[in-house]
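Step one of this worksheet: look at the structure below.
The values are calculated or read from the model by the stated rules, or taken from the named source; none is laboratory data. Predicted model only: the values in this text are computed from it and were never measured. With ideal geometry, Cβ positions are generated from the backbone for all residues, glycine too; neighbour counts draw on all protein chains shown. Just the protein is used for accessible areas: all its heavy atoms, side chains included, with ligands, DNA and RNA removed. Shrake-Rupley method; radii C 1.70, N 1.55, O 1.52, S 1.80 Å.
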Amino acid sequence: MSNQKGEPQMQPTPPPEADTISTALRRSSISQREASRRAGINESYWRRVIAGHNRGVPVNASLITVARMAHAVGITPDELAASGGRPEVVEELRALAGAEEADLGKPFRIIAVALEEYTLDEQEEILQRYLESQRRDGTEGGNQPEAV
């Protein structure tokens, strides 16, 4: 590419996190399509963000988009920081990771409240029966549990 004066134009550069995200995607067991789905973006946009441009036009993804891409391929905030990720993206990634941990805690708190009136032995029996019913039905918690 060159401008009208014949001088070469600089190709837009990808975000600093692009190499780390690409490497993590290659190491992961998921496809780029699945990673982009997890990040909540279009697969072609994923490619443009990693490249830093679309046909020479810079693509400047938001900090949260880059953080969601990193999160989708399993990069931790510490890994991103160590690989030269921008502090703002690292903080967005920390917020994503924290929200996910909070979401995982809620079902366990609900179960604990539901079972708190039972003894520990009764709680164990209830949970075992529930897990057995899920295995029998071939589900992984998506259906309502059997009456206990």
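Across the range 61-104, the number of residues qualifying as over 12 Å from the mean Cα position of the chain (by Cα), assigned to a loop (DSSP other than H, G, I, E, B) and either under 17 Å from Arg33 (Cα atoms) or touching a residue at least 40 places away in the same chain (Cβ under 8 Å) (or both) comes to 5. Selection of first residues in the range 16-28 that are open to solvent by 20 Å² or more (accessible area, probe 1.4 Å) and at pLDDT 95 or above and of second residues that are part of a loop (DSSP other than H, G, I, E, B) and of a type in the set (S, T, N, Q), restricted to Cβ pairs under 6 Å at least 6 apart or on distinct chains, gives the following pairs, ordered by first then second residue: Thr20/Ser83.
With respect to being assigned to a helix (DSSP H, G or I) and either at pLDDT 90 or above or over 30 Å from Glu17 (Cα atoms) (or both), Glu132 fits the description.
Filtered by the rule that a residue be open to solvent by 50 Å² or more (accessible area, probe 1.4 Å), in contact with an Asp or Glu (Cβ under 9 Å, 6 or more places away or on another chain) and under 22 Å from Pro77 (Cα atoms), the range 32-61 gives Gln32, Arg37.
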